[in-house]
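The block underneath contains the structure these notes are about, expressed in structure tokens.
The values are calculated or read from the model by the stated rules, or taken from the named source; none is laboratory data. Everything quoted here is computed from the prediction, not taken from an experiment. Counting neighbours? That spans all protein chains shown, and the Cβs are built from the backbone with ideal geometry, glycine included.
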Amino acid sequence: MNNHLFNYTLQQADNCLILGQRLGEWCGHGPILEQDIAMTNIALDLIGQSRMLYQYAAEVQGDGKTEDDLAYLRDAWDFKNVLLVEQPNGDFAKTILRQFLFDSFNCYFYEALKDSNDEKLAAIAAKSHKETLYHLKWSADWVLRLGDGTEESHERIQSALNELWPYSAEIIIASDADHDAKTNGYGVNLEEIQSRRDSKIEEVLEEATLTAPEDTFSHSGGKSGTHTEHLGYILADLQFLQRAYPGNEW
Amino acid sequence: MHEMVLNKNQICQLLEDVTDPEIPVISIRDLGILRDIRIDHNHVEVVITPTYSGCPAMLEIERSINNTLKKNNIENFRITTILSPAWTTDWMTEEGKQKLKEYGIAPPSPTNEDDIQCPNCNSRNTSLVSQFGSTACKSLFKCNDCLEPFDYFKCH
Ligand SMILES: [Zn+2]
């Protein structure tokens, strides 16, 4: 098995699954019905994307394991998602800001991955890119509305920005798998993604009258399996059924 | 027992009964989900593609294809899901768009997404309520003339 290709596929699958699970926590708790529905729709897209990626990762792994094994039976240290996506929902402003930081990567990532020389990754990217265009539009709109809204909404989303900013860079710091993917043409060039992403973030924050912190300190570790304590709680929820009743099906 | 010789049109006709569980008036062919039917020595392969990657209807659609074929004594078949080329609303048939409208859902309008026609009263004086509607493939609009809310099947 190609270990780098496997890890590369898992990194993105785990990002999508964990953020999808986080967004799903809003189901029935959204500030208004339409936005409750928007968040669960986006969650569904992300979980759908993670399924396609897990199916492919299982195929690359080639030892008979399935997408379900990868989602439900790995431990926290096996997960390769970035720390940003496992951060708690907080208030609506924090969820929006987390989403925007992720979407502004995800959308350009899939767009570039469409040119992958790995047919399967290219197909998954083409399908997912269309979906992330809507996600980015939605989260960027909300950053604007909250940032340039009332005094309270501005304050809340600015404080979300201060809190989440140190988690924003990890996703564009290359792991071994990222390096291999770029060198061998099945993955993207993260430097190119970074420049597109950074200008999108800058443009939206400026229009939203928000200020990014000057400190460039960045948390990292997610891609190599070192997570914040939050991931364990997410997995406890997500994996409970398969852990308690192995092999159980609907 | 006589040997049944299968042809593509016949299968296609049978699969007209397979509809989107969320929009029962529209068949999977109308929606552009049914991509191909391949017949080789009486083995049938039905090729489908998902609308959205997380669409929960796909499982139901597969089950429904399965049941429809079996009901018609076709046992030797396989359902293949392909991702590429990615599904687009451009594949929706004109017939399908008309059925959507009659059902109360505004069909995708590739030329002008800012000017969506109300499926109830045909007014173009409508506004977007939410980018995301009752399912991933739809957004929510309201008509400023007849005041009805409605779903719009968005371009994808
Ligand atoms: Zn109307």
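Before moving on, here are some points about what is shown:
- Selected residue (only one of B:GLU95, B:GLU113 is away from the ligand (no atom under 11 Å from the Cβ), acidic (Asp, Glu) and either buried (at least 17 other Cβ atoms within 10 Å of the Cβ) or more than 14 Å from every other protein chain (Cβ to nearest Cβ) (or both)): B:GLU95
- Out of A:ASP141, A:ASP148, sole residue that is touching a residue at least 12 places away in the same chain (Cβ under 8 Å), charged (D, E, K, R) and surrounded by fewer than 19 Cβ atoms within 10 Å (Cβ to Cβ): A:ASP148
- Identity of the residue in the range A:34-85, more than 21 Å from A:PHE109 (Cβ to Cβ) and not in a helix (DSSP H, G or I), that ends up farthest from the other protein chains (Cβ to nearest Cβ): A:ASP75
- A:GLY28 fulfils the conditions (1) more than 11 Å from the chain's Cα centre (by Cα); (2) crowded, with 17+ Cβ neighbours inside 10 Å; (3) away from chain B (no Cβ under 14 Å) except for a single criterion, (2).
- Identity of the residue in the range B:116-140, closer than 16 Å to B:MET92 by Cβ and among the β-branched types (Val, Ile, Thr), that ends up nearest to the ligand (Cβ to nearest atom): B:ILE116
- Meets criteria (surrounded by fewer than 15 Cβ atoms within 10 Å (Cβ to Cβ), touching an Asp or Glu at 6+ places or on another chain (Cβ under 9 Å), β-branched (Val, Ile, Thr) and outside any helix (DSSP H, G or I)) for B:THR51: no
- Hits in the range B:141-155 (condition: more than 14 Å from the ligand (Cβ to nearest atom) and surrounded by 19 or more Cβ atoms within 10 Å (Cβ to Cβ)): B:PHE153, B:LYS154
- Restricting the range B:64-92 to residues that are of a type in the set (S, T, N, Q) and within 14 Å of chain A (Cβ to nearest Cβ), the residue that is surrounded by the most Cβ atoms within 10 Å (Cβ to Cβ): B:THR89
- Among residues of the range B:141-156 that are within 17 Å of B:LYS99 (Cα to Cα), those with a beta-carbon under 7 Å from a residue that is within 13 Å of the ligand (Cβ to nearest atom) and in a loop (DSSP other than H, G, I, E, B) at least six positions away or on a different chain give the pairs B:PHE150/B:GLY104; B:PHE150/B:CYS118; B:PHE150/B:PRO119; B:PHE150/B:ASN120; B:TYR152/B:ILE116.
- Subset of the range A:123-136 (residues that are facing chain B (nearest Cβ under 7 Å) and over 13 Å from the mean Cα position of the chain (by Cα)): A:ALA123, A:ILE124, A:ALA126, A:LYS127, A:LYS130, A:GLU131, A:TYR134
- Scanning the range B:78-90 for residues that are at pLDDT below 95 and among the hydrophobic types (A, V, I, L, M, F, W, C) yields B:ILE82, B:LEU83, B:ALA86, B:TRP87.
- Test: residue in the range A:38-59 that is surrounded by fewer than 21 Cβ atoms within 10 Å (Cβ to Cβ) and over 22 Å from B:MET58 (Cα atoms): no
- Screening A:ALA38, A:ALA43, A:ALA58 for residues that are over 27 Å from A:GLU229 (Cβ atoms) and without any contact (Cβ under 8 Å) to a residue 60 or more places away in the chain leaves exactly one candidate, A:ALA58.
- Residues in the range B:121-133 that are under 13 Å from B:ALA106 (Cβ atoms) and within 14 Å of chain A (Cβ to nearest Cβ) were compared, and the one that is surrounded by the fewest Cβ atoms within 10 Å (Cβ to Cβ) is B:SER127.
- Test result for B:ALA106, within 16 Å of the ligand (Cβ to nearest atom) and under 15 Å from the mean Cα position of the chain (by Cα): yes
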